[in-house]
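Asks: This is the structure, below, for whatever I ask next.
Read the figures in this text as sums done on the coordinates, not as results from a lab. Please read all numbers here as calculations on a predicted model, not as lab measurements. Don't worry about glycine lacking a Cβ; one is built from the backbone with ideal geometry, like all the others, and counts go over all protein chains shown.
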Amino acid sequence: MKITFYFTHDYDKTYFDANNQTHQIQYVPVALTEETARLAQGSAAICAFVNDKLDETVIRILSEIGVRLIAMRSAGYNNVDLQAAKRYGLTVVRVPAYSPHAVAEHTLALILTLNRKTHKAYNRVRDGNFSLDRLLGFDLYGKSVGVVGTGRIGSVFCRIMLGLGCHVLAYDIQPNPDLADTKVQYTTLPDLFQNADILSLHCPLNESTHYLINPHNLSLMKKGAMLINTSRGGLIDTKAVIKALKTGHLGSLGLDVYEQEDKLFFRDFSDTAIKDEMILRLMSFPNVLITAHQAFFTHEAMTEIAKTTLQNISDFEKGLPLKNAIL
Ligand code: NAI
């Protein structure tokens, strides 16, 4: 099947070429938008990622030029207008689980780096500065960690934090039975906000979770707590979080995702003026650590993403049941 693969980076090509035997892939470097959708002319499938735009207009254009399958090479699909895809008769598949460990482990990396300031120590020591001033952290052992969303990633993260001796509180609209034999304690959302020393978000972005972190919920949080988001940027009202950082109510912030990341992430702006004022403000805080949506980025996850995406496309081509269909 001919596939147009949007927003290609060298690492995508490496993993998809290594795992592809049957499909003809047209790699394009640009993101999928209204302006670029017609590049898929002649392809029956397109492959898209988290910041590609799959709104009604784009989906209409794709259907007009004969695309029948949208193969997301991601777990999240909040950027796809599923109702529009249904109306225009396009099938949507995704990669529901490629490596929950990759994301959960990166979450821990953010926590440990923010807490023990290894990023600062690294630069300091290289600069011949061996002082310990302002590097003070806290023991994770015995602290309360609040986890919102205990699905594939959240449940792995819970187990990691239990392994470190943390007290794990969790909230999910559907508690995970796999955690029943653990010390994870399900509670209400307000209780979670009030008691967590570290709060980590692992739920999907949808209408009910948009701006879950808002002025009210931030005010419930313990003074000095750490907030971590490796899920989706829209879970956090960034302006409210900036305010809470300014007053010192929020102790520290670790982000792998950002509300307006679609215009920034996966691109190099190192010799350009960044126009996004909010991210610049966030970057100016000494207690904020941002990575650019790299939590998934491990060898194991990239291999699994390529294999599952190509399998989804082959199954669609052969008319087989689609176990990873969203629609
Ligand atoms: P999952 O579907 O296995 O788990 C999500 C959990 O959130 C489920 O248990 C669900 O019941 C729960 N949930 C849904 N609505 C909720 C609500 N209103 N309040 C509390 N819990 C709610 O998904 P998975 O694989 O664990 O992924 C979680 C999220 O992580 C994805 O939606 C995606 O946005 C993000 N992600 C980020 C990556 C990165 O590289 N930073 C990579 C992969 C996923």
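Asks: Given the -39500 (n - 2.57) contribution per DSSP H run of 4+ residues, what per-residue ellipticity at 222 nm results for the chain, rounded to the nearest 500 deg cm²/dmol?
Replies: Numbers: 11 runs with 113 residues, N = 327.
After summing the helix terms and dividing by residue count, I get -10000 deg cm²/dmol.
Asks: Further question on the same structure: Hey, rough spin-label estimate for T14 and L136, points 7 angstrom out along Cα→Cβ, what's it come to in nanometres?
Replies: 4.2
Asks: How much length is gained on full extension from N206 to E277, taking 0.36 nm per residue of separation minus their Cα-Cα distance? If you can, show how the numbers build up before the last one.
Replies: Working: separation 71, 0.36 × 71 = 25.56 nm, distance 2.51 nm.
Full extension from N206 to E277 adds 23.0 nm.
Asks: Determine the relative contact order of region 100-290: mean sequence separation of Cα pairs under 8 Å and six or more apart, normalised by residue count, in whole percent.
Replies: Values: 312 pairs, mean separation 34.9, N = 191.
Normalised by residue count, the contact order of region 100-290 is 18 percent.
Asks: OK, next. Working from Cα positions, state the angle (0 to 90°, nearest 10) between the long axis of helix 100-116 and the longest principal axis of the chain.
Replies: The angle comes out at about 30 degrees.
Asks: For the Cα atoms of the chain, what angle does the longest principal axis make with the long axis of helix 10-19, in degrees from 0 to 90, nearest 10?
Replies: 60
Asks: Cross-link candidates for K323: which lysines have Cα within less than 22 Å, leaving aside residues fewer than 8 places away along the same chain?
Replies: Partners found: K2, K86, K307.
Asks: Once a ≥ b ≥ c are taken as the square roots of the eigenvalues of the Cα gyration tensor of region 69-121, is the result rounded (a/c under 1.5), prolate (a/b larger than b/c) or oblate (a/b not larger than b/c)?
Replies: Details: a/c = 5.40, a/b = 3.26, b/c = 1.66.
In terms of gyration-tensor shape, prolate.
Asks: If you take the C-alpha gyration tensor of the chain, multiply each eigenvalue by 5 and take the square root, what semi-axes do you get, largest first, in whole Å? Kindly include the intermediate steps, with their values, before the conclusion.
Replies: Details: eigenvalues 262, 101, 73 Å².
After scaling each eigenvalue by five and taking roots: 36, 22, 19 Å.
Asks: Moving on to the next point. Taking the Cα centre of the chain as the origin, how large is its charge dipole in debye, to the nearest 20, when only Lys and Arg (+1) and Asp and Glu (-1) carry charge on their Cβ atoms?
Replies: Details: 33 positive and 33 negative charges, 88 e Å.
In total the dipole reaches around 420 debye.
Asks: For a quick check: sort C47, C203 by the number of other beta carbons within 10 angstrom, fewest at the front.
Replies: Working: C47 30, C203 21.
Ordered by Cβ neighbours within 10 Å, fewest first: C203, C47.
Asks: Quick one: if you stick a label point 7 Å off each Cα along the C-beta vector at L320 and E105, how many nm between them?
Replies: According to this spin-label approximation, the distance is 2.9 nm.
Asks: Taking a label point 7 Å from the Cα of D268 along the Cα→Cβ vector, which residues of region 2-30 have an amide N closer than 13 Å to it?
Replies: 10-11
Asks: What is the P(r) of region 100-290, as percent of Cα-Cα pairs per 5 Å bin from 0?
Replies: So the P(r) values, bin by bin, are 1, 7, 16, 20, 20, 16, 10, 5, 2, 1, 0.
Asks: For the chain, modelled as a Gaussian network with Cα springs under 10 Å, which listed residue fluctuates most, V92, V28, V125?
Replies: Among V92, V28, V125, the largest GNM mean-square fluctuation belongs to V125.
Asks: Further question on the same structure: If I take every Cα pair under 8 Å that is 6 or more residues apart in the chain, average their sequence separation and divide by the length, what percent do I get for the relative contact order?
Replies: Numbers: 598 pairs, mean separation 56.6, N = 327.
Computed over the chain, the figure is 17 percent.
Asks: Another question, then. Relative contact order for region 21-77: what percent, with Cα pairs under 8 Å and sequence separation of 6 or more?
Replies: Values: 63 pairs, mean separation 22.5, N = 57.
Across region 21-77, relative contact order equals 40 percent.
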